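Shown next, in structure tokens, is the structure this report addresses.
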Amino acid sequence: MLSAFLLGGVFITTRSAPEFAGHPKGLFVLFLAEMWERFSYYGMRALLIFYLVQHWLFTDSEASIVYGAYTALVYITPVVGGYLADKYLGQRKAVLFGAILLTFGHFFMAFEGTGGQDDPTINVFWLALALIIVGSGFLKANISVIVGQLYTRTDPRRDPAYTIFYMGINVGAATASIICGYLGQTYGWQYGFGLAGIGMLIGLLFFVFGKPLLMGKGEAKDPVKLAQPVGGLKLEWWMYLAGLAMVAICWLAVQYQEYVGIVLGVFGGGLVLYVLFTAVTQLTSEERDRIFAAIFLIFVSIIFWALFEQAGSSLNLFTDRHVDRAGVEASMFQSINAIYIVLLAPLFAAAWTGLGKRGLEPSTPAKFGLGVVQVGLGFLVLVWGAQAVGIDVPTPVIFIFLIYLLHTTGELCLSPVGLSAMNRLAPAHMASLIMGTWFFASATGNFAAGLIAAATGAEGLEGETAGKEVVLGVYSTVGWTAVAVGVGVIIISPLIKKLMHLDTLKDDSIDDDMLGQAELANPDAAGINTQGEVRT
């Protein structure tokens, strides 16, 4: 499949015609760059928890917290990357810089050393994670913006264009987990990570050589200012140095994960308080109510992502150790979510449209509640299945497919709906602030996911059965908690809907090319997920 997309991409981008299939060829340049970037990201992500535990010899708990800190930082850096692009660099140069960092980061992941935490090569590993974190921040925050810039606001091709673009995310995510996961766990880590690096390099080359097809979109708003010398260097180079400084900060942060939690708590809490203060002191009563509704939805999303993001950590380890996989490598099961999204997203879109015509479509808060209920039910189904066959018997693989199915349907209820809600509820002058709060919430959910996964660690217990019981106990607790929270959200959803004042909502000049606005059930897509991140 990837070979077909590669050859097709070369064919499309080298044709003399300015368009292909009714769309500018620049769209397909961005599609291919994004597909290969997601291929590299998810290929690495599928292997990361195993690499931490089996090669660097971290305990399950330690590895889960490292993983949680890493994914949390991936959600924070797009806020900075998006700001620097909007203010100074422009989206194209920001994406190019991010792609270069990502290429180096993925290749550095292939430097294994001898393994163990005493191996000095582990510092190269930390550097690789830092480069990927910052590279994602510059690339993911901006590439979807360029897609929107290829079309006018009233162009009917805009929605189909985003559909094509985000298909690239899911194709890259689905194939990466299968191919890189298989190579990494079967032949050696360097092969899985190396292939991810090659994928990122291909994406970078498409973006570089496809520059003329972007028709000048995504350039800096003030190129003269960007070229002005500041302290002996052009302002543009100071922006790149700021990016490298972010790499150094992230290099430290992934090693001292507790500080990531402190930063999230202090800055996230401060951000929420500032939003609420602004809402109370500067907005009209209806605008204030909408902000209250948005903050409520943001807090609900934290709970969802904290459970959903078990996929790459504790659920990955559970699949490896306690599931009858029939010889299939555990990392390859990370592709299931992306495949489900490709299959189910059109059905959900059609279902919402059909229910809306009949006046039966659930409100946004109700959809959030449904999403949280489903993520909880996924864990409860897995616990029931594992206990039904016997705790000392490998869990049938069908229950892994079921938990991912329920988590994906929950994601489709919450993720695209959430981004849409943030854009609708925020006044124009607070739109970026609310989106930044949404990203911070996603980061907090990912960090909390690491803490929950750490609780499933069974270090010090004797026997595989004891370890399995610990995991199932945690899953049962979080599953029932999520169902209770989700039902509560559904019950009070009419009140939250009332706060949204949808009947008086008016169109304004909000730029609808916001970070990840058109994202389809993938939080990583927003810079994030980050899409869930089939993930943004």
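Given +1 at the Cβ of Lys and Arg, -1 at the Cβ of Asp and Glu and no other charges, the dipole of the chain around its Cα centre is 1480 debye to the nearest 20.
Scalar couplings 3J(HN,Hα) for region 167-180, obtained by applying the Karplus form with A = 6.51, B = -1.76, C = 1.60 to θ = phi - 60°, are 5, x, 4, 6, 5, x, 5, 5, 6, 5, 4, 6, 6, 5 Hz; x denotes Gly and Pro. Sites listed here are trypsin sites (Lys or Arg not before Pro) in region 332-419 whose DSSP assignment is loop and whose Cβ has at most 14 other Cβ atoms within 10 Å: R358.
Modelled spin labels at V342 and V389, positioned 7 Å past Cα toward Cβ, are 2.6 nm from each other. A straight chain from R157 to A227 at 0.36 nm per residue would run longer than the Cα-Cα distance by 21.7 nm.
Classify the chain as rounded, prolate or oblate, taking a ≥ b ≥ c as the square roots of the eigenvalues of its Cα gyration tensor: rounded when a/c is under 1.5, otherwise prolate if a/b is larger than b/c and oblate if not.
Cα axes put the chain in the rounded bin.
How would you classify region 1-152 from its alpha-carbon gyration tensor, with a ≥ b ≥ c the square roots of the eigenvalues: rounded for a/c under 1.5, else prolate if a/b is greater than b/c, otherwise oblate? It comes out prolate by the Cα gyration axes.
Extension gain, I398 to A4: 0.36 nm times the residue separation minus the Cα-Cα distance gives 138.8 nm. Specify whether the C-alpha gyration tensor of region 99-254 places it in the rounded, prolate or oblate class, a ≥ b ≥ c being the square roots of the eigenvalues: rounded for a/c under 1.5, otherwise prolate if a/b is larger than b/c and oblate if not. Since a/c reaches 1.5 but b/c is at least a/b, the shape of region 99-254 is classed as oblate.
Given R0 = 25 Å, the distance between the Cβ atoms of L360 and H501 translates into a calculated FRET efficiency of 0.70. A Förster radius of 22 Å, combined with the Cβ-Cβ distance separating F267 from L433, puts the computed FRET efficiency at roughly 0.95. Counted residue by residue at 0.36 nm each, then reduced by the alpha carbon distance between them, the extension gain from T278 to A466 reaches 62.6 nm.
With each run of n ≥ 4 DSSP H residues scored as -39500 (n - 2.57), what mean residue ellipticity at 222 nm is computed for the chain after dividing by its residue count and rounding to the nearest 500 deg cm²/dmol?
Numbers: 18 runs with 380 residues, N = 536.
Dividing the helical sum by the residues of the chain leaves -24500 deg cm²/dmol.
Taking label points 7 Å from Cα along the Cα-to-Cβ direction, E19 and I249 give a separation of 4.3 nm. With the charge dipole of the chain set up from +1 on Lys and Arg Cβ and -1 on Asp and Glu Cβ about the Cα centre, the Cα lying farthest toward the positive end among the listed residues L96, L472, A454 is that of L96. Amide H contacts of D324 (H built 1.01 Å from N, in plane; Pro and chain starts excluded): T395, V397 sit under 5 Å, all sequence-distant by 5 or more or on other chains.
Read-outs: derived from the displayed coordinates by stated rules, not from any lab. Everything numeric here is computed off the predicted structure, so don't read it as measured data. Because the Cβ atoms are built from the backbone with ideal geometry, glycine has one as well, and the counts that use them run over all protein chains shown.
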